[in-house]
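*Asks:* I'd like to ask some things about the structure below.
The values are calculated or read from the model by the stated rules, or taken from the named source; none is laboratory data. Bear in mind the structure is a predicted one, so any value in this text is a computation, not a measurement. As a convention, Cβ positions derive from the backbone with ideal geometry for all residues, glycine included, and neighbour counts pool all protein chains shown.
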Amino acid sequence: MPFTDAARNEMLDALTDATPALSPITHCSLHTADPTAGANEVTGGGPAYARIPVTFANAGSGAALQNGTDPVFDVPAATTVVAVGYWDDVSAGEFKGWSPLNGGTVFPFYAQNAGDVFSVDAHGYSNGDQVYFHAVTGSSLPTGVSAGTRYYIIGVSGDTFQVSLTSGGSAVVLTSDGAGMVQKVIPETFGAQGTLTVTDATLRLTA
């Protein structure tokens, strides 16, 4: 998942003991579109949507696994959920980061502006799949795509593909090469009021 500067700073402070009183992740949220900085959080419904407490086991092998009861959200009708967010408070508070809903494997990619092509070894994507791109320290996303924007896979050919802003649409034009991480998202749409259970809230550092 992509972490905010505030979250990365706290991780560093935990290592250096620069700040003895930190504000850890205590709640998770649902988002309907670009979740960067905590935007587009779900609202409304009856029972009303609310953030749900979440806890994590001690980190190991570069990941902190969700610990305890899976968060179950009330989701209002006519809502499409695309991302899970993480906060240090039940309301307001500080946004720590997010992950795509039903997120798949996080793959490193390289993109070339010549042909607007992304290269990912053994990605397994199909035309029509939806993905998010994440920047990583030491590299930049190719100009033409941005973190927090959802893209559709098109033009799959072996280990390469292009992306579009719409399903089956025209390829996004890249004006520079770039690299980073890419992850599949499987949105869930609620025609009527319902519930959504987050079964994998594992935290992993990507940048």
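*Asks:* Can you pull out every residue in the range 16-38 that is closer than 17 Å to Ala63 by Cβ and among the aliphatic types (A, V, I, L, M)?
*Replies:* Scanning the range 16-38 gives a single hit, Ile25.
*Asks:* Would you please name the residue that is nearest to Gly44 (Cα to Cα), looking only at residues in the range 150-196 that are without any contact (Cβ under 8 Å) to a residue 40 or more places away in the chain and small (Gly, Ala, Ser)?
*Replies:* Out of the qualifying residues, it is Ser167.
*Asks:* Just for strands (runs of 3 or more DSSP E) wholly inside the range 73-171: which have at least 3 residues that are in contact with a Leu (Cβ under 8 Å, 6 or more places away or on another chain) and not β-branched (Val, Ile, Thr)?
*Replies:* In the range 73-171, 83-87 are the strands (runs of 3 or more DSSP E) which contain 3 or more residues that are in contact with a Leu (Cβ under 8 Å, 6 or more places away or on another chain) and not β-branched (Val, Ile, Thr).
*Asks:* I've got another one for you. Leu30 - would you say it is assigned to a helix (DSSP H, G or I) and either closer than 13 Å to Gly97 by Cα or over 13 Å from the mean Cα position of the chain (by Cα) (or both)?
*Replies:* no
*Asks:* For the range 11-24, check the following and say yes or no: at least one residue is in contact with a Lys or Arg (Cβ under 8 Å, 6 or more places away or on another chain) and either crowded, with 17+ Cβ neighbours inside 10 Å or modelled with pLDDT under 95 (or both).
*Replies:* No, there is no match, as no residue in the range 11-24 is in contact with a Lys or Arg (Cβ under 8 Å, 6 or more places away or on another chain) and either crowded, with 17+ Cβ neighbours inside 10 Å or modelled with pLDDT under 95 (or both).
*Asks:* In this structure, does Gly144 turn out to be buried (at least 16 other Cβ atoms within 10 Å of the Cβ) and closer than 30 Å to Thr55 by Cα?
*Replies:* So Gly144 fails the test.
*Asks:* Of (1) in contact with a strand residue (DSSP E or B) (Cβ under 9 Å, 6 or more places away or on another chain); (2) surrounded by fewer than 15 Cβ atoms within 10 Å (Cβ to Cβ); (3) among the aliphatic types (A, V, I, L, M); (4) over 18 Å from His31 (Cβ atoms), Ala114 satisfies all except one. Which?
*Replies:* (1)
*Asks:* Please indicate, with yes or no, whether at least one residue in the range 94-110 is more than 30 Å from Arg51 (Cα to Cα) and surrounded by fewer than 18 Cβ atoms within 10 Å (Cβ to Cβ).
*Replies:* Taking every residue of the range 94-110 in turn, at least one turns out to be more than 30 Å from Arg51 (Cα to Cα) and surrounded by fewer than 18 Cβ atoms within 10 Å (Cβ to Cβ).
Here is a yes/no grid of residues against (1) in contact with a helix residue (DSSP H, G or I) (Cβ under 7 Å, 6 or more places away or on another chain); (2) within 20 Å of Val82 (Cβ to Cβ); (3) of a type in the set (A, V, I, L, M, F, W, C):
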position	(1), (2), (3)
Asp116	no, no, no
Gln130	no, yes, no
Ser157	no, no, no
Ser164	no, yes, no
Val182	no, yes, yes
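*Asks:* Another one. State yes or no: is Ala50 at pLDDT 95 or above and aliphatic (A, V, I, L, M)?
*Replies:* When the stated conditions are applied, Ala50 passes them.
*Asks:* Listed residues Gly38, Gly44, Gly97; which is in contact with an Asp or Glu (Cβ under 9 Å, 6 or more places away or on another chain) and either in the same structural domain as Thr199 (by TED's automatic domain parsing) or without any contact (Cβ under 8 Å) to a residue 40 or more places away in the chain (or both)?
*Replies:* Testing whether each residue is in contact with an Asp or Glu (Cβ under 9 Å, 6 or more places away or on another chain) and either in the same structural domain as Thr199 (by TED's automatic domain parsing) or without any contact (Cβ under 8 Å) to a residue 40 or more places away in the chain (or both) leaves just Gly38.
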